1. Please enumerate the residues belonging to segment 280-315 that are in contact with a strand residue (DSSP E or B) (Cβ under 7 Å, 6 or more places away or on another chain), open to solvent by 60 Å² or more (accessible area, probe 1.4 Å) and either among the β-branched types (Val, Ile, Thr) or under 13 Å from Ala229 (Cα atoms) (or both).
2. Select from segment 117-128 the residues that are assigned to a loop (DSSP other than H, G, I, E, B) and within 12 Å of the ligand (Cβ to nearest atom) and list them in ascending order.
3. Any residue at all in segment 91-102 that's open to solvent by less than 40 Å² (accessible area, probe 1.4 Å), touching a residue at least 24 places away in the same chain (Cβ under 8 Å) and more than 15 Å from the ligand (Cβ to nearest atom)?
4. Sort out for me the helices (runs of 4 or more DSSP H) sitting completely within segment 171-237 that have 1 or more residues that are within 16 Å of the ligand (Cβ to nearest atom) and open to solvent by 50 Å² or more (accessible area, probe 1.4 Å).
5. For segment 52-68, does any single residue satisfy the condition of being more than 27 Å from Ala283 (Cβ to Cβ) and within 16 Å of the ligand (Cβ to nearest atom)?
6. Which numbered condition in (1) among the hydrophobic types (A, V, I, L, M, F, W, C); (2) in contact (Cβ under 8 Å) with a residue 24 or more places away in the chain; (3) within 16 Å of the ligand (Cβ to nearest atom); (4) open to solvent by 10 Å² or more (accessible area, probe 1.4 Å) is the only one that Val132 fails?
7. Are there helices (runs of 4 or more DSSP H) fully within segment 13-101 with at least 2 residues that are within 30 Å of Leu213 (Cα to Cα) and not β-branched (Val, Ile, Thr)? List them.
Amino acid sequence: MSAALARPELAAMPLYNAGLGEAAVRARYGLTQVAKLGSNENPWGPSPAVGEALAGLSAETWLYPDASCAPLREALAARTGVAAERIICGNGSEHIIEMIAEAFLTPGSTVLTLGPCFGLHEIYPLMMGAHVRKIPVTGVLEFDVPAWRETLGQGARVVMISNPSNPVGCLLDEAGLAALIDAAPKDALLVLDEAYYEYARHEPGYPDSLRLLAAQERPWLVLRTFSKAYGLAGLRVGYAMASSAALAGQLNKVRTPFPVNVAAQRAALAALGDDAHLAYVVAQTLQNRAALREALEARGLRCAPSAANFLYVSTKHPATALAEVLLSRGVIVKPWTEPGYESWFRVSVGTEAMQEMFLTALDAALEALA
Ligand SMILES: *Cc1c(COP(=O)(O)O)cnc(C)c1O
């Protein structure tokens, strides 16, 4: 009955797999310890300034938040050099991906993205009836720039690229990005999802996308978020920088009126002001990522290149089966289910204790499945 009521586009839409939370896993398996390594959260948490900013919040909860996040957009403008009128904030950057789909896609529109892809880069376009074409990574799990150029030449309405990519972690370098921009149709909307920007920005070759795109006569958006390196995933705030105020205005038409709540706006402003904490988090992450890669490779497992706070790992087993065994031991990872990648899973970089728990559970799981 309800299937007949729903728009036909919904029939082709998978449900986003958000994974289980810590409390659910503890309850399901009767565990006391859980290592949540499935959602690329930052286990070192936000700046201590966030706690101070949230103190006394209850006195303000009866007021609606600032609808356009004006103070936060001003702070982001000062930080990035992009005028505040070209910045829009959302309830996480996933909300901005949704707005992009709603504002720019109609049934039959073509969206190009990477394969394997971040689920929402596919789900929201499908919601609008768009056709999603995925351009696979190469055999060594890098962006296939010639294939991208060829496919871009065949036309697209929206081009969605996460850089570094999720789930693979690979980085599209400055020359590669310039080559893609050059091949992209002038009337296509280019979307660079830089959710892991803070981790990748010091990697050799990581493009200064704002500088590259500023020279372009075309519509573009660069997305960033407070959910990952800034440690605010639970509060939901992300933002987009647009090629023009007019483009930001199109997104403003489709967004909900008060997408970013009072706590999230305060917290994001405080987090943005603490560069020392951000540097600490990034340094810890890169150090633990190297240790995690070494431990996985020592076990004969293949890891894709990563410029982000996770590793994409291949095993000989179906990833969903492996993840189920890990889950029963209190370790949450994200198994991949896209065709061709069913033996791959994504694991977030954690604290040393979390990574130790993961490796112990992994050894047991590999033995159980052997
Ligand atoms: C985590 C992630 C997001 C979602 O970020 P939110 O701001 O929490 O919605 C968006 N894009 C990519 C590629 C991500 O990995």
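The values are calculated or read from the model by the stated rules, or taken from the named source; none is laboratory data. Note that the structure is a prediction, hence the values are computed from the model and not measured. As a convention, Cβ positions derive from the backbone with ideal geometry for all residues, glycine included, and neighbour counts pool all protein chains shown. Please note that ligands, DNA and RNA were not included when accessible areas were found on the heavy atoms of the full protein model with its side chains. Shrake-Rupley method; radii C 1.70, N 1.55, O 1.52, S 1.80 Å.
1. Correct list: empty.
2. Here is the first cut: in segment 117-128, the ones assigned to a loop (DSSP other than H, G, I, E, B) are 117-118, 128.
Passing the criteria: Cys117, Phe118.
3. Checked against the condition, which is being open to solvent by less than 40 Å² (accessible area, probe 1.4 Å), touching a residue at least 24 places away in the same chain (Cβ under 8 Å) and more than 15 Å from the ligand (Cβ to nearest atom), segment 91-102 yields no hits at all.
4. In segment 171-237, 197-200 are the helices (runs of 4 or more DSSP H) which contain 1 or more residues that are within 16 Å of the ligand (Cβ to nearest atom) and open to solvent by 50 Å² or more (accessible area, probe 1.4 Å).
5. Our first condition is that a residue be more than 27 Å from Ala283 (Cβ to Cβ); within segment 52-68, this holds for 55-68.
Of the ones still in play, those that are also within 16 Å of the ligand (Cβ to nearest atom) are none.
No, every residue in segment 52-68 fails to be more than 27 Å from Ala283 (Cβ to Cβ) and within 16 Å of the ligand (Cβ to nearest atom).
6. (2)
7. On the way: elements: 22-29, 48-54, 70-80.
The helices (runs of 4 or more DSSP H) meeting that bar are 70-80.
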